[in-house]
Amino acid sequence: MPSAHLQFFLLFILLNDRSSCQTPVDSDQVVTIGGIRQYIRIKGKDDSNPILLFLHGGPGGSLLQKNDQISGKLQQHFVVVQWDQRETGETLKLNRSPQLLTLSLFYNDTHDLIDTWLKKFKKLKLYLAGYSWGSGLGFYIADRYPELLYAYIAISPVTDQWTSDSITLAMLKGTMGKTARRELSEVKIPFENWEQLYYHRKWLLKHEGQKFVSLSLPKTFVQSWAATWFDVFVQSCNINLFKSLSTINCPVYFFAGEKDYNTNHSITEEYFNMVSAPKKDLFLFADAGHGLPETNPGLFQDIIIDKIFPATFNPDSKNSR
């Protein structure tokens, strides 16, 4: 039998070797997806940890500048991947999309990126988080390729957007002043043009307490945004998951703010109750609105780490890490 000193020494070496096997990853990369160069940021404590891919909102709303804020804790347990989709942020700086923007184009980009990253890290599955607009891309992947996901995390999700916008429009007409009611009277659901979207979102921001709506949502900004995004945004809103996606064949988790009037939390709750999945849960944030990962980043990440991860990750499965 080895002496107690030798046993301690061997244990020390073993533990030291295990810790030295961790390889941190922190890099910005450009990959060719869908025929164009697209920008990816990867960050994690250990590159052997499972991948967590974020699909940002907007459309056109990069999360790169907020990456550490919304995923700093997650980076200790996952390889967090942030992606600027085509016509967005760093990807837009690299190149414009030569193709007309359609949902199918973004669906294909998302699947190609997942396929690329699983092969790169020699994984069979990853975690997928879709935020607002990005939730629609995530639901598509969860529907068509559930075998690629440990779980899908839907954040402030788009499930039946026209019903959500109708609820909000009625609320605004009933609570805002004369000027608001005059402008809101021009709004039709579904939105027929960018100005209707502008008036809807302008008075929603005012309702949520924005004092300087003209500065936080300038009309010229919405007009410029709409030139790129309005058509594909409407395509996304036209999808009603209550009619098109009653079953998801992977674990699915919903995050919703009870003060979210953009993707109304009551619609999210109704869809959560309806949809069938192997595992599912709904996490409601009483004091949060649409941007809950940004306003409540600590609790948001803790739930993923402490509840979703242990319930869905099997470290003993083949090639799971």
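Out of all Cα-Cα pairs in region 54-202, roughly what percent, to the nearest whole number, are more than 27 Å apart? The calculated P(r) of region 54-202 puts 34 percent of pairs beyond 27 Å. When the alpha-carbon atoms of region 57-122 are used, the pair Rg, Dmax equals 13.3, 38 angstrom. Take every pair of alpha-carbon atoms less than 8 Å apart whose residues are at least six positions apart; their mean separation over the length of the chain yields a relative contact order of 17 percent. Once the Cα-Cα distance is subtracted from the 0.36 nm per residue extended length, the residue 240 to residue 269 segment shows a gain of 9.0 nm. Per residue, the convex hull spanned by the Cα atoms of region 179-321 amounts to 162 cubic angstrom.
In terms of distances greater than 29 angstrom between alpha carbons, the cross-link table entries 123/307; 206/243; 45/206 yield 206/243; 45/206. Peptides 57-64, 277-284 ranked from most to least packed by the mean count of surrounding Cβ atoms within 10 Å: 57-64, 277-284. Annotation: lysines with alpha-carbon distance below 28 angstrom to residue 202 (same-chain offsets under eight excluded): 66, 173, 178, 188, 211, 219, 259.
The peptide list 157-163, 302-308, put in order of mean Cβ contacts within 10 Å with the highest first, becomes 157-163, 302-308. For residue 119, the aspartates and glutamates whose Cα falls under 15 Å of its own Cα, not counting residues fewer than eight places away in the same chain, are 47, 147. For region 230-289, the calculated P(r) over all alpha carbon pairs, in 5 Å bins from 0 to the bin holding the longest distance, is 4, 17, 23, 22, 20, 12, 2, 0 percent. Since only 158, 207, 48 are under comparison, the one whose Cα sits farthest along the positive direction of the charge dipole of the chain, derived from C-beta charges on Lys, Arg, Asp and Glu, is 207.
Taken about its Cα centre, region 42-131 carries a charge dipole of roughly 220 debye when the Cβ of each Lys and Arg holds +1 and the Cβ of each Asp and Glu holds -1.
The numbers here are math on the coordinates, done by the rules we state, and not lab data. Keep in mind it's a predicted model, so treat the numbers as computed, not measured. Quick reminder, even Gly has a Cβ in these numbers, built from the backbone with ideal geometry, and neighbours come from all protein chains shown.
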